[in-house]
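The values are calculated or read from the model by the stated rules, or taken from the named source; none is laboratory data. Keep in mind that what you see is a predicted model, and the values were worked out from it rather than measured. All Cβ positions, even for glycine, are placed from backbone atoms using ideal geometry, and neighbour counts span all protein chains on display. Heads up: the accessible areas ignore ligands, DNA and RNA and are worked out on the full protein's heavy atoms, side chains in. Shrake-Rupley method; radii C 1.70, N 1.55, O 1.52, S 1.80 Å.
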Amino acid sequence: MTSKEHKKHTDLVRPALGKFGRNEWAIVGAPCVYIKALADKVITALSPKYKCGYADTSHNDEIVLAPGRLANCAVMEYTDQINHQQFNYTTAFSPFAMRQQFADADIVLVNGNHQQAKAQVVIIYENKKASLQKRLAQLTNVELILLAENVDEVFDFIQESIPDWQNIPLYRLEETEKIVAFFENKLQIAKPVLNGLVLAGGKSMRMGYDKGAVNWFGKEQRYHVADMLKPLCHEVFISCRADQKQQIDINYNVLEDTFTGLGPFGAILSAFREQPDHAWLVVACDLPLLETETFKFLIEQRKIAAVATAFNSPDNEFPEPLITIWEPKSYPVLLAFLAQGYSCPRKVLINSDVNLIQAPNPDALTNVNTPEDLEKVKRTIHQKIANA
């Protein structure tokens, strides 16, 4: 094998992350006090709906001694501050660790005087003209331009360096409502696309045969569920083991488990491995009483700021993990649980910030695991058909 043929690492689909997260803007071109004030207004307006983050750097004249036990050579210190939690570190964050810290944020605003981000907001401020000119190389993706007081035109060097600057939204710095609306629109556009994932890779040990192949409504259950999801999702996949792949109808998309031996947990991770920027409506194929209305209700109640949107189980009041919308931000959370030796989706939901809702029809969440369950559900379905 030649060196050109050698591949040291597996090709993976990487999330569309910047320095901090998926949706980040560096605010540049004004004194730090103006940038912080603008960030405060935007974060205050967006925080009821979105999780907001902020990144900055202290000035040289603000440097103080390391706090608490860090001064005594501790590498980290955690303090429960009652109304917020505080971690202090002595070690610098690598780009990978930084993105991990901001993984839960839907939007990150950055003081562009000190940090960079994959998109920029440029403030045209007369006294910072020379400083902004020095930062032209940082203006790689300007999406908003703001005119500060006593400024009526965009600097010539901005016009020259950004060919399409006239197509970029232009507001005055004091037009807070318009600025907030700009970010709201950007976040709405960036709302993760929703895919469907039908879990059909279980071995059905308790049932004795493949639950996904049970015919309740004129076709195998895995196909029945997939067909219900198709009008509601961007793409729908049937999740299965490698040895099941050839059994799946070629008219349905298949997503093979690549995190093997982990059951539904591995199927969810396998889906995110394929499309990490999409949300996944995950549903087991052993819920035969599910109806389209239940899926529609779940999607209507979806909250992208949460790790997931899930129903309360009617049996035990715990989150029901196998009819749940898992947001892209759940991917690193699931991996973190796996790294600590846990592979239970319900445990992830119980210990994470989830949007927990009540099913409009609790019977729709009835699970079939045993032949006894099967007979009970058969009677329910037959009764429904008879009543119809």
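Summary table below
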| quantity | calculated |
| --- | --- |
| Qualifying residue in region 83-92 (condition: open to solvent by less than 60 Å² (accessible area, probe 1.4 Å), of a type in the set (G, A, S), closer than 27 Å to E24 by Cβ and within 27 Å of the chain's Cα centre (by Cα)) | no |
| V122 under 30 Å from V354 (Cβ atoms) and of a type in the set (V, I, T) | no |
| Criterion violated by A305 - all others in (1) out of contact with any Leu (no Cβ under 8 Å at 6 or more places or on another chain); (2) open to solvent by 10 Å² or more (accessible area, probe 1.4 Å); (3) under 25 Å from P48 (Cβ atoms) satisfied | (2) |
| Any chance D257 is without any contact (Cβ under 8 Å) to a residue 12 or more places away in the chain and open to solvent by 20 Å² or more (accessible area, probe 1.4 Å) | no |
| Hey, D210 surrounded by 14 or more Cβ atoms within 10 Å (Cβ to Cβ), modelled with pLDDT of 95 or more and of a type in the set (D, E, K, R) or not | no |
| Some residue of region 267-277 being assigned to a strand (DSSP E or B), among the aliphatic types (A, V, I, L, M) and in contact with a strand residue (DSSP E or B) (Cβ under 9 Å, 6 or more places away or on another chain) | no |
| Leading residue by the ranking (nearest to K36 (Cα to Cα)) among those in region 46-61 that are assigned to a strand (DSSP E or B) and touching a helix residue (DSSP H, G or I) at 6+ places or on another chain (Cβ under 7 Å) | Y54 |
| When residues of region 302-327 are limited to those that are part of a loop (DSSP other than H, G, I, E, B) and in contact with a strand residue (DSSP E or B) (Cβ under 6 Å, 6 or more places away or on another chain), the one modelled with the lowest pLDDT | S313 |
| Number of the condition not met by K296 [criteria: (1) open to solvent by less than 60 Å² (accessible area, probe 1.4 Å); (2) within 23 Å of K219 (Cβ to Cβ); (3) in contact with a Leu (Cβ under 9 Å, 6 or more places away or on another chain)] | (1) |
| Where K303 falls short, out of the listed (1) in contact (Cβ under 8 Å) with a residue 60 or more places away in the chain; (2) under 17 Å from T324 (Cβ atoms); (3) not small (G, A, S) | (1) |
| Of residues in region 98-145 being surrounded by 18 or more Cβ atoms within 10 Å (Cβ to Cβ) and free of Cβ contacts under 8 Å to residues at least 60 places away in the same chain, the one farthest from L170 (Cα to Cα) | V142 |
